[in-house]
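Got a structure here, written out as structure tokens. Questions coming.
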Amino acid sequence: MIYEYKDLKLDVEQIIKRSNRHTYFRFTSKDKMVITTPRELSVSSVYEIIEKHYDRIIKILSKYDKNDDVIHLLGREYKLILRESNSEYVYVDEDNFYVNYKKLANIEKLIHKYYADILNEIIKRKSEKLIKEFNIRFTVNYQIKNTKSYFGECFYKKNLIVLATKLAKYDEVYIESVLYHEFAHFYVHNHQNEFYELLESHYPNYRKVNHELRKIRYNDKF
């Protein structure tokens, strides 16, 4: 069914899964919405779901409006310049972010490898200070992954912190805040009051900085 509401025009498909207990929706493209329900819903009920979640839907759809011309690094915006080449590397000057590539499929890998290198340099500078502040008595291991679902994650049983490569897009103050967050998880594994008390004893400004980080929206293509 085609549904129009305010500035939305969506092709809506309903899928019935009787094993489901709840109703979910997702997008397969900017104009295609799939609603999965435990039972058949009337057209008006489907419309009510869309109207109720209008703000959330707009936020989701904004992710489809990628900007092909710019890219962010450590909080700064650069002009993204892609150049086909016999050798592959990334180079950044005052205003431009150059990606030399052999194959189009390699562009994202090259960018995220560059981001990983930047994050590893920051970790080297910050790690000793954090280890002393948190009185860590073991070797902390790090991994950098191209993941979109989180900024950082702590696997305390493995003494491991994982950072998302996309974190390199943000100002270093936000990268540092994520590192403090993950270090605190070596002691308190869940987000209970004790966790935030520990974290803020080392990073008093954490809640303010984290709130700012969550509000930043980059629409980079890569």
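The values are calculated or read from the model by the stated rules, or taken from the named source; none is laboratory data. Predicted, not measured: the structure shown is a model, and the values here were computed from it. Backbone-built Cβ (ideal geometry, glycine too); neighbour counts: all protein chains shown.
All but one of (1) modelled with pLDDT under 95; (2) surrounded by 20 or more Cβ atoms within 10 Å (Cβ to Cβ) hold for Y150; which doesn't?
Looking at each condition in turn, Y150 falls short on (2).
Return the only residue of K158, K166 being farther than 17 Å from K129 by Cβ, basic (K, R) and within 12 Å of the chain's Cα centre (by Cα).
K166
Could you give every pair whose Cβ atoms fall below 6 Å, whose first residue belongs to region 146-168 and is on the phi > 0 side of the Ramachandran plot and in contact (Cβ under 8 Å) with a residue 24 or more places away in the chain, and whose second residue is assigned to a loop (DSSP other than H, G, I, E, B) and surrounded by fewer than 21 Cβ atoms within 10 Å (Cβ to Cβ), counting only separations of at least 6 or pairs across chains?
N159/F138; N159/V140
For region 124-145, which residues satisfy the criterion of being of a type in the set (F, W, Y) and free of Cβ contacts under 8 Å to residues at least 40 places away in the same chain?
Within region 124-145, F138, Y142 qualify.
Just to verify a result, which residue in region 33-66, among those that are acidic (D, E) and modelled with pLDDT of 80 or more, is farthest from the chain's Cα centre (by Cα)?
Among them, the one singled out is E40.
Among what's in region 1-34 and is out of contact with any strand residue (DSSP E or B) (no Cβ under 6 Å at 6 or more places or on another chain), surrounded by 10 or more Cβ atoms within 10 Å (Cβ to Cβ) and touching a residue at least 40 places away in the same chain (Cβ under 8 Å), pick the residue that is nearest to I58 (Cα to Cα).
That would be L8.
Do we have any residue at all in region 100-109 that's on the phi < 0 side of the Ramachandran plot and within 18 Å of the chain's Cα centre (by Cα)?
yes
Between residues in region 35-62 that are in contact (Cβ under 8 Å) with a residue 24 or more places away in the chain and residues that are of a type in the set (D, E, K, R), which pairs lie under 8 Å by C-beta distance while being six or more apart or on different chains?
Partner pairs satisfying both residue conditions: Y54/K6; L61/K30; S62/R217.
From K30, K52, which residue is basic (K, R), touching a helix residue (DSSP H, G or I) at 6+ places or on another chain (Cβ under 7 Å) and within 30 Å of D11 (Cα to Cα)?
Answer to the selection: K30.
Please verify whether I81 is on the phi < 0 side of the Ramachandran plot, in a strand (DSSP E or B), surrounded by fewer than 17 Cβ atoms within 10 Å (Cβ to Cβ) and out of contact with any His (no Cβ under 6 Å at 6 or more places or on another chain), treating the condition exactly as stated.
Answer is yes for this residue.
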